[in-house]
Amino acid sequence: MNLNLKDKVAVITGGSVGIGLAIAEGLAVEGVHLALCARDGERVVNAAQDISRQYGVEAAGIKADVTKAEDIDRFVEAIKAKFGGCDILINNAGAGSEETILDAPDARWQYYWDLHVMAAVRLARALAPAMIARGGGVILNNASICAAQPLYYEPIYNTTKAALVMFSKCLANELIPHNIRVNTVNPGLVLTPDWYKTATLLTEGKDMTPDDYLDRIAKDNAPIGRFASPEEVADFFVFLCSDRASYSVGATYYVDGGWLNVVT
Ligand code: NDP
């Protein structure tokens, strides 16, 4: 399938590892130039250089913490200086939380609100005008199955990801007259290095390997009985970026191996 993405420019937050890196690589294969950001400057610069070398696209890695408005401003300036703007924005940076509602202070709520919602708001507001000037574009928000089916130990994650889904829907309505398609992807279990690190920690000194632990989580939750690879989720993002998905607007797609337990 020809995706017609060659020489487009994509911005990906959290593009240095995990799902964001897999999306970056998936887009680079299609000839898309990239601006990636993450807090660990060295890792994101290295990721961008590796992609550039391997796929022959232009790729910039920029240190930025998307919970901070001033870092987003710097990131946007760097994107505009290098590419003039972008055709694709993928709000991917995010992290799980662990708390109870009764114990978590305001600052914790504020951090995840900034990470999962305000980063997407600020980047859309800053980058959509240049997209409109280029004739249109695509904005994808990486939320989570937890936006609809909460995990008990992370109420702040569940709540802020649900807010991201609603923001995405509202943004889609506002931007489709300008030929910008906005959609959300809700992944289920995706085997990133971080999951593996957690499994290693939790099985230390126990009669269980990290792989056994992950296998149990997958079998207990996802009908498919396994984790997705980051690439399996990334392929779906790449398709949504292309004009082969031209009638997909304001939708939320689950890529979860059947884990969502209701019909929506
Ligand atoms: P990883 O932890 O593997 O990667 C997260 C990426 O985001 C890294 O590049 C990280 O770099 C960056 N990042 C984190 N915080 C910030 C910040 N404040 N500012 C800028 N960059 C940041 O995560 P995943 O690939 O697993 O997750 C990606 C997205 O997918 C997240 O939004 C997550 O909620 C969602 N998701 C993941 C699932 C999974 O099972 N893995 C399931 C459902 C949804 P650095 O640390 O250097 O900042």
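Taking every C-alpha pair closer than 8 Å and separated by at least 6 residues, the mean separation divided by the residue count of the chain gives a relative contact order of 19 percent.
With the alpha-carbon atoms of segment 1-87 aligned to their principal axes, the span from lowest to highest coordinate is 39, 25, 19 Å, starting with the largest. Largest GNM mean-square fluctuation among Asp114, Asp106, Asp212, using the chain with Cα springs under 10 Å: Asp106. Helix 18-29 axis versus longest C-alpha principal axis of the chain: approximately 40°, rounded to the nearest ten. Computed from Cα atoms, the angle from the helix 69-83 axis to the main principal axis of the chain rounds to 50 degrees.
Bridging of Lys6 to lysines at a Cα separation below 25 Å is possible for Lys80, Lys82, once same-chain residues fewer than 8 apart are set aside. Across 5 Å bins from 0, what is the distribution of all Cα-Cα pair distances for segment 1-157, in whole percents? It works out to 2, 9, 18, 21, 19, 13, 9, 5, 2, 1, 0, in whole percents.
In whole angstrom, how far apart do the alpha carbon centroids of segment 233-264 and segment 11-63 sit? With segment 233-264 and segment 11-63 each reduced to a Cα centre, they are spaced 22 Å. Residue by residue, segment 157-168 carries 3J(HN,Hα) couplings of 4, 4, 5, 6, 6, 4, 5, 5, 4, 5, 4, 4 Hz when phi is fed to the Karplus relation 6.51 cos²θ - 1.76 cosθ + 1.60 (θ = phi - 60°); x denotes Gly or Pro.
Here the calculated FRET efficiency for Ile176 and Arg74, from their Cβ-Cβ distance with R0 = 30 Å, stands at 0.55, rounded to the nearest 0.05. Put simply, the amide H of Ile180, placed in the peptide plane, has neighbours under 5 Å in Gly137, leaving out anything fewer than 5 places away on its chain. Roughly how tilted is helix 193-203, in degrees to the nearest 10 and between 0 and 90, from the longest Cα axis of the chain? It is inclined by approximately 10 degrees. In the elastic network of the chain, a GNM with C-alpha springs shorter than 10 Å, the most mobile of Thr13, Thr160, Thr100 is Thr100.
A 1.4 Å probe, protein heavy atoms only, puts the accessible area of His178 near 80 Å². Each helix, a run of at least 4 DSSP H residues, gives -39500 (n - 2.57); summed and divided by the residues of the chain, these come to -14500 deg cm²/dmol at 222 nm.
By the Stokes-Einstein formula, at 0.890 mPa s and 25 °C, segment 91-176 with its Kirkwood radius over alpha-carbon pairs has D equal to 179 µm²/s. What the Cα atoms of the chain give is an Rg and a Dmax of 18.0, 59 Å. Build a GNM of the chain with springs between Cα atoms under 10 Å apart, and of Arg181, Arg122, Arg134 the one that fluctuates most is Arg134.
The values are calculated or read from the model by the stated rules, or taken from the named source; none is laboratory data. None of the values given here were measured: they were computed from a predicted structure. Every residue, glycine among them, receives a Cβ derived from its backbone with ideal geometry; neighbour counts consider all protein chains shown. For the accessible areas, the whole protein counts, side chains as well, though only heavy atoms, and no ligand, DNA or RNA atoms are used. Shrake-Rupley method; radii C 1.70, N 1.55, O 1.52, S 1.80 Å.
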